[in-house]
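These notes concern the structure reproduced below.
Laboratory data are not the source of any read-out in this text; all were calculated from the coordinates shown. Here the structure is a predicted model, which is why all the values come from computation and not from measurement. So basically every Cβ, Gly included, is an ideal-geometry build from the backbone, and we count neighbours across all protein chains shown.
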Protein chains: 2
Amino acid sequence: MPSVGPVQHAQRRAFGNRVKLLRTDRGLSQEALAHLAELDRTYIGGVERGERNISLDNIHRVAEALGIRARDLL
Amino acid sequence: MPSVGPVQHAQRRAFGNRVKLLRTDRGLSQEALAHLAELDRTYIGGVERGERNISLDNIHRVAEALGIRARDLL
């Protein structure tokens with residue numbers, strides 16, 4: 001397993017910040033987004049804080065719940 | 001854990017096809033791409049076949065190894 005360094009942390013935080021921005025733009029709570037994406041609210045919170053190494057499947061779920069393309073989350 | 005259905009399989013295969021296309025365009029072997037991305041060759045093979053639910057960290061690694069932005073892999 002490759003190590004998790006400052007670059008990965010920064011990429012995860014950038015991703016999380018983007019999710020949070022898009023979520024709040026749409027007036028959604030973390031709970032509402034989690035429900036739409038069929039994911040757990042605590043997982044969404046962890047993603048937004050840059051604490052999760054989100055997978056491709058879940059990137060697509062979150063993007064779909066936000067009504068955008070997955071590429072627009074990166 | 002959400003189930004893995006046909007939609008996820010299609011999204012993983014689409015991602016894998018894109019990696020393979022971009023890799024072969026650059027005349028890279030799976031081994032060469034794996035080396036550049038600091039990942040295992042068998043992992044790259046699995047991603048290209050749509051068998052892996054690749055993570056955000058590894059999406060960035062593969063994109064960087066291909067010399068493109070992560071969003072351009074999606």
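Tabulated results
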{"read-out": "Looking only at segment B:52-69, and only at residues there that are more than 10 Å from the chain's Cα centre (by Cα), surrounded by fewer than 20 Cβ atoms within 10 Å (Cβ to Cβ) and in contact (Cβ under 8 Å) with a residue 12 or more places away in the chain, the one that is nearest to B:HIS35 (Cα to Cα)", "value": "B:GLU64"}
{"read-out": "When residues of segment A:1-35 are limited to those that are basic (Lys, Arg) and under 10 Å from the mean Cα position of the chain (by Cα), the one nearest to the other protein chains (Cβ to nearest Cβ)", "value": "A:ARG12"}
{"read-out": "Some residue of segment A:5-24 being surrounded by fewer than 12 Cβ atoms within 10 Å (Cβ to Cβ), outside any helix (DSSP H, G or I) and not polar (S, T, N, Q)", "value": "yes"}
{"read-out": "Residues of segment A:36-47 that turn out to be of a type in the set (Lys, Arg) and within 12 Å of another protein chain (Cβ to nearest Cβ), as a count", "value": "0"}
{"read-out": "Those residues of segment B:48-68 which are more than 9 Å from chain A (Cβ to nearest Cβ) and within 22 Å of B:HIS9 (Cα to Cα), in sequence order", "value": "B:GLU48, B:ARG49, B:GLY50, B:GLU51, B:VAL62"}
{"read-out": "Count of segment A:25-51 residues which are of a type in the set (S, T, N, Q) and crowded, with 17+ Cβ neighbours inside 10 Å", "value": "1"}
{"read-out": "Selected residue (only one of A:GLU38, A:GLU64 is touching a Pro at 6+ places or on another chain (Cβ under 7 Å) and within 17 Å of B:VAL4 (Cβ to Cβ))", "value": "A:GLU38"}
